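Nothing in this text is a laboratory measurement; each read-out follows from the coordinates by a stated rule. Being a predicted model, the structure only gives us computed values, none of them experimental. All Cβ positions, glycine included, derive from the backbone under ideal geometry; neighbour counts span all protein chains shown.
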Amino acid sequence: MKKVPVIDLGECTDCESCLELCPHIFKRNEDTGQIEVIDLSEYPEEEIQEVISMCPAECIAWEEVL
């Protein structure tokens, strides 16, 4: 089963720490202004774990998908 990072936008404080730490994984949607996860075939687990641990809102987590 594949794991992908997800952002709980209801909890996100828009601090941009994820954008600073992993701009190749997280981006700002130009239309909505919200931060999104870039669709990748695989995500670097160590880098995502660092972002999760640094997120002050604790709004980023792993989700398993088929």
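Observations on the model:
- One residue stands out among those in the range 16-50 that are among the aliphatic types (A, V, I, L, M), outside any loop (DSSP other than H, G, I, E, B) and touching a strand residue (DSSP E or B) at 6+ places or on another chain (Cβ under 6 Å): the one that is nearest to residue 6 (Cα to Cα), which is 37.
- Residue in the range 10-29 that is surrounded by the fewest Cβ atoms within 10 Å (Cβ to Cβ), counting only those that are among the hydrophobic types (A, V, I, L, M, F, W, C) and closer than 14 Å to residue 61 by Cα: 12
- Check on residue 35, among the β-branched types (Val, Ile, Thr), within 16 Å of residue 9 (Cβ to Cβ) and surrounded by 13 or more Cβ atoms within 10 Å (Cβ to Cβ): yes
- Output for the range 51-66, where each listed residue is touching a strand residue (DSSP E or B) at 6+ places or on another chain (Cβ under 7 Å), closer than 13 Å to residue 8 by Cβ and not in a strand (DSSP E or B): 52, 59
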